[in-house]
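The values are calculated or read from the model by the stated rules, or taken from the named source; none is laboratory data. Predicted, not measured: the structure shown is a model, and the values here were computed from it. Every residue, glycine among them, receives a Cβ derived from its backbone with ideal geometry; neighbour counts consider all protein chains shown. Note: accessible area is taken over every heavy atom of the protein model, side chains too, but ligands, DNA and RNA are not part of it. Shrake-Rupley method; radii C 1.70, N 1.55, O 1.52, S 1.80 Å.
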Amino acid sequence: MASSMSSGKHLLADWEVFCPIGPSLAFHVGACIGRFLYVHGGRVDRNSIEASNKLHCLNFDTMIWNEVRVPGSPALSHHACVTIDDRYLLLIGGWDGKARTSKVFIFDTLECKWLYPSSEGFPSDAGLSSHTATLLNNGKVLVLGREGPLRMQPDDKKHGNAYMLTGSVESGKFIYSEYSRATESRSGHTTNFIGPRLYVLGGRNDELLEVHSGYRSGSPDNEKAAESFKRIIRRLKPMDKMPGGRGITLL
């Protein structure tokens, strides 16, 4: 089953339904490990502030979704996720249904169990939500986004910080260190590497794009996906005006 998206007269891309049956969620995280796609948390009801603790898994060989029912899964939405050693899901921060948190959680996909490492260094009166986490080639994780109080905060007082998260599964300990206050305040943005540069896109109505050098990605290159995106890009027409900064996703 295929459909298309268009803006005016310009065809943007052709979309194909990849898997018709799966979890109905928003503000969740997802990551691929081996032949599996893992999806964790999020919200199942847009009018609720409750966060889900469910972990779902899509097997690419069978194209069947299953719920991974392992005790101890944290309830989180608006969190971030990176993979470690093609085995572990590292969940960072998020909304637990009552407050923003900076805690980290690990799911071991090999032994199918949850781990609860300690975390320190993040301000005790603040938490993370709608942030991003980017794995660097030195094993550290760059956490970018809005650092707010544990509950709520007026928009005019929110600001953006960058933290470097270091640690390991083996040590059972992770440490935040404040990295820079040079980033713009963002919420719901995306980050990705294109070559040697880190791009931060969206998450605010102005200052659509930030570009940072001096980083290298710790995630393996997906040459097949990159070539597919390049073919799509060559078909696109330039936009007449810049898009709004909220809700933009960078592929």
Within the stretch 107-126, tally of residues that are touching a Phe, Trp or Tyr at 6+ places or on another chain (Cβ under 9 Å) and closer than 15 Å to Arg69 by Cα: 7
Single match in Leu58, Leu89 (criterion: at pLDDT below 95 and open to solvent by less than 20 Å² (accessible area, probe 1.4 Å)): Leu58
Count - residues of the stretch 44-55 that are farther than 21 Å from Cys32 by Cα, out of contact with any Gly (no Cβ under 6 Å at 6 or more places or on another chain) and open to solvent by less than 70 Å² (accessible area, probe 1.4 Å): 1
First in the stretch 208-219 and touching a residue at least 24 places away in the same chain (Cβ under 8 Å) and in a strand (DSSP E or B), second anywhere and surrounded by 14 or more Cβ atoms within 10 Å (Cβ to Cβ) and not charged (D, E, K, R), Cβ under 6 Å, 6 or more apart: Glu210/Val200; Ser217/Phe193
Residue match in the stretch 116-132 (condition: open to solvent by 70 Å² or more (accessible area, probe 1.4 Å) and among the aromatic types (Phe, Trp, Tyr)): yes
